[in-house]
Amino acid sequence: MEIERKFLPKSLPDNLSEYPFHQIEQGYLNTDPVIRIRREDEDYYLTYKSKGLLAREEYNLPLTKEAYLHLLPKIDGRLIAKKRYLIPLTSELTIELDIFEGELAPLILAEIEFTTEKEAKDFAPPKWLGEDVTYSTDYHNSILSQR
């Protein structure tokens, strides 16, 4: 189960370059249900996501590089490229700050994953995280891939 909230940051941390990051590209084979392929650095995945906004089922299966490259021409819509910074918020919570590249630049989204829906709903974000877009499908990557 994936339980996350999404935000449109108003600003970026001054020391962003000090945080670890992943280079990600992902494409969608299907958007209803969501079936995605992803390259994260040198790791490859096939992901299924159910419908939902705050919480939804998510299953990740490892792919080989060859399988990923075989599926890549079959994606529907644009290939999304982004740099994901991992910014610790507490000992349990990490902000995943996505800075989109290519056609989706200069979009920036921040996601925080939680272990329970109560924890997610009770979370008070730092002000720099800006507008909460958790309940807007406009900011699902599967939708962004189709625009």
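Can you name every residue in region 37-58 that is over 17 Å from F100 (Cα atoms) and among the charged types (D, E, K, R)?
Hits for region 37-58 are E42, D43, K49, K51, R56, E57, E58.
Of all residues in region 122-142 being of a type in the set (A, V, I, L, M, F, W, C) and touching a residue at least 12 places away in the same chain (Cβ under 8 Å), which is surrounded by the most Cβ atoms within 10 Å (Cβ to Cβ)?
So the first thing to find is which residues in region 122-142 are of a type in the set (A, V, I, L, M, F, W, C), and the list is 123-124, 128-129, 133.
Now drop any that are not touching a residue at least 12 places away in the same chain (Cβ under 8 Å), which leaves 123, 128-129, 133.
Values: F123: 13, W128: 13, L129: 19, V133: 17.
Out of the qualifying residues, it is L129.
Looking at region 1-44, what strands (runs of 3 or more DSSP E) fall wholly within it and have at least 3 residues that are of a type in the set (K, R)?
Here the list reads 34-40.
If a residue must be part of a helix (DSSP H, G or I) and touching a strand residue (DSSP E or B) at 6+ places or on another chain (Cβ under 8 Å), how many such residues does region 122-147 contain? Let's see the steps before the verdict.
Narrowing region 122-147 to residues part of a helix (DSSP H, G or I): 122, 127-129, 137-139, 141-144.
Still in the list and also touching a strand residue (DSSP E or B) at 6+ places or on another chain (Cβ under 8 Å): 129, 139, 141-144.
Of the residues in that region, 6 qualify.
Being open to solvent by less than 30 Å² (accessible area, probe 1.4 Å), touching a residue at least 12 places away in the same chain (Cβ under 8 Å) and more than 24 Å from M1 (Cα to Cα) is the requirement here; does G77 meet it? Give the derivation first.
Values: open to solvent by less than 30 Å² (accessible area, probe 1.4 Å): no; touching a residue at least 12 places away in the same chain (Cβ under 8 Å): yes; more than 24 Å from M1 (Cα to Cα): yes.
It is false that G77 is open to solvent by less than 30 Å² (accessible area, probe 1.4 Å), touching a residue at least 12 places away in the same chain (Cβ under 8 Å) and more than 24 Å from M1 (Cα to Cα).
Which of the following residues is open to solvent by 60 Å² or more (accessible area, probe 1.4 Å), under 27 Å from E119 (Cβ atoms) and of a type in the set (D, E, K, R): K51, K6?
Details: K6 fails: open to solvent by 60 Å² or more (accessible area, probe 1.4 Å).
Only one candidate qualifies: K51.
Can you pull out every residue in region 94-121 that is in contact (Cβ under 8 Å) with a residue 24 or more places away in the chain and assigned to a loop (DSSP other than H, G, I, E, B)?
Hits for region 94-121 are L107, T115, T116.
One line per residue, one yes/no per condition, for (1) in contact with a Cys (Cβ under 7 Å, 6 or more places away or on another chain); (2) assigned to a loop (DSSP other than H, G, I, E, B); (3) within 17 Å of L109 (Cβ to Cβ); (4) not charged (D, E, K, R):
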site	(1), (2), (3), (4)
L53	no, yes, yes, yes
N60	no, no, no, yes
E66	no, no, no, no
H70	no, no, no, yes
P73	no, no, no, yes
G77	no, yes, no, yes
A81	no, no, yes, yes
Y85	no, no, yes, yes
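Any residue that is more than 17 Å from D98 (Cα to Cα) and crowded, with 16+ Cβ neighbours inside 10 Å - is there at least one of those in region 20-27? Walk me through it before giving the result.
We begin by selecting, within region 20-27, every residue more than 17 Å from D98 (Cα to Cα); these are none.
No, every residue in region 20-27 fails to be more than 17 Å from D98 (Cα to Cα) and crowded, with 16+ Cβ neighbours inside 10 Å.
Is region 108-121 home to any residue that is under 19 Å from I75 (Cβ atoms) and not hydroxyl-bearing (S, T, Y)? Break it down into steps so the answer makes sense when it comes.
Within region 108-121, the first condition is being under 19 Å from I75 (Cβ atoms), and the residues that meet it are none.
Checked against the condition, which is being under 19 Å from I75 (Cβ atoms) and not hydroxyl-bearing (S, T, Y), region 108-121 yields no hits at all.
The values are calculated or read from the model by the stated rules, or taken from the named source; none is laboratory data. Everything quoted here is computed from the prediction, not taken from an experiment. When we count neighbours, we look across all protein chains shown, and the Cβ atoms used for this are built from the backbone with ideal geometry, even at glycine. All accessible areas refer to the heavy atoms of the entire protein, side chains included, with ligands and DNA or RNA removed. Shrake-Rupley method; radii C 1.70, N 1.55, O 1.52, S 1.80 Å.
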